[in-house]
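Report on one structure; see the data block that follows.
The values are calculated or read from the model by the stated rules, or taken from the named source; none is laboratory data. Quick caveat: nothing in here was measured; it's all calculated off a predicted structure. All Cβ positions, glycine included, derive from the backbone under ideal geometry; neighbour counts span all protein chains shown. Calculation scope for accessible area: heavy atoms of the full protein, side chains included, ligands and nucleic acids excluded. Shrake-Rupley method; radii C 1.70, N 1.55, O 1.52, S 1.80 Å.
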Amino acid sequence: MKTEGFLFVARAWWCLPLKDRLFIRRGVYLLASIVAATALAWLWLHQQTQHSDALAKIYAADAIKLSAEADHAPRSDFTALLPRELRTDQIVRDASSWSDEFNLRLASLNVQQTSSPSATKLQQASLNVELRGSYPGIKLWLRELLGRYPELAVVSLDLQKALNRDDRSVSVTGQFRVFARPKAEQANVVTR
């Protein structure tokens, strides 16, 4: 019975004029192409969804880990968030490289270590900066510096416009203070 149905379709196919057979064949090819393109798009979308789900799980795990670490530090004591040692060398290196990156001229950058702190006082160092360049460049430099080093505090910042009207540069003289944990607290910190 099934063989007779197949023979009927094959006989009917060959009885059609050539023009009609080509039209039907092109329609079948078009339909097969649409189905294949839809399947490939679905596979790509499925893969992207799995990838984004995996990234979401990783980020969620990192967020939980960071919140757990933040919960261990008492929020009322900001000194727990400070680094254990003064990072003045890193700050000077980054400040110098960012001044080059933002087309600024770093006239001077001095570090002054304060007297040796007692066991209960924060470690401190002063940074004195003289900088010249465009106002947007100076803003970017300050944003990078203060964003990267939260232990850095602005003591004073003096902005002066250039005296020459044609010169659109700004001169900045600033004093910053760098803080680190007290020495006594470092002795009590247990390493994991």
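Can you put HIS51, HIS46 in order of accessible area, largest first, using a 1.4 Å probe? Walk me through the numbers on the way to the answer.
Working: HIS51 105, HIS46 80 Å².
Heavy-atom accessible area, descending, gives HIS51, HIS46.
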Review point. What's log10 of I(q)/I(0) for segment 91-161 at q = 0.12, 0.14, 0.28 Å⁻¹, Debye sum over Cα points only, no solvent?
Key: -0.35, -0.47, -1.50
Check your understanding: According to a simple spin-label model (label point 7 Å from Cα along Cα-to-Cβ), what is the distance in nm between ALA12 and LEU163?
Key -> 10.0
Exercise for review: Sticking with the crude label model, points 7 Å out along Cα→Cβ, report the distance from ASN103 to VAL35 in nm, one decimal please.
Suggested key: 6.1
Review point. Ignoring ligands and nucleic acids, what accessible area does ILE34 show with a 1.4 Å probe (Å², nearest 10)?
Key: 90
Exercise for review: Would you rank PHE78, PHE102 by solvent-accessible area, highest first, keeping every protein chain in place and using a 1.4 Å probe?
Suggested key: PHE78, PHE102
Point to revise | Gain in span if fully extended, ARG21 to THR79, counting 0.36 nm per residue against the direct Cα distance | key: 12.6 nm
